[in-house]
Amino acid sequence: MALVINLGLDNAELYSGCEIEEVGGRKNLLTPPSEAGNIIGKNIAEIVAAVPAAERDQVTLTGPMAVWAYLVVFHAVLHAFNRVVYSDGRGNDLAIAAHGR
């Protein structure tokens, strides 16, 4: 089974340590990207480390978030998984990277 990482602000594990507000039912990241990038980087490293090596065949990145957050997460998963896929949440999946370990 492939790991799915939701990059949306509702992923409490990924954004742990960041300040998020909700206004009108919509979440907004208050932590500046320069700080949030480091926080997310540490959190995604812990998430990846918790996945046994034998279960790192594929990871799917999905969820609404800024490109910079996708780049931080992509960098962390690129060499930890054999295949990285992006899903737009509407049934369109796109392989971003595929390589053996």
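The values are calculated or read from the model by the stated rules, or taken from the named source; none is laboratory data. No experiment lies behind these values; they were computed from the predicted model shown. Cβ placement follows ideal geometry from the backbone for every residue including glycine, while neighbour counts extend to all protein chains displayed.
Worth a mention:
- Residue list for segment 4-28, restricted to those being aliphatic (A, V, I, L, M) and within 23 Å of Val84 (Cβ to Cβ): Val4, Ile5, Leu7, Leu9, Ala12, Leu14
- Qualifying position, being farther than 27 Å from Asn92 by Cβ and among the acidic types (Asp, Glu), among Glu46, Glu55: Glu46
- Qualifying positions in segment 18-34 - within 17 Å of Val67 (Cβ to Cβ) and either loosely packed, with under 10 Cβ neighbours inside 10 Å or without any contact (Cβ under 8 Å) to a residue 12 or more places away in the chain (or both): Pro32, Ser34
- Counting the residues of segment 48-101 that are closer than 15 Å to Gly8 by Cα and in a helix (DSSP H, G or I) gives 8.
- In segment 52-82, the residues that are among the acidic types (Asp, Glu) and in contact with a Leu (Cβ under 8 Å, 6 or more places away or on another chain): Glu55
- Only one entry of Leu61, Leu7, Leu14 meets the criterion of being modelled with pLDDT of 95 or more, touching a Gly at 6+ places or on another chain (Cβ under 7 Å), surrounded by 17 or more Cβ atoms within 10 Å (Cβ to Cβ) and of a type outside the set (Val, Ile, Thr), and that entry is Leu7.
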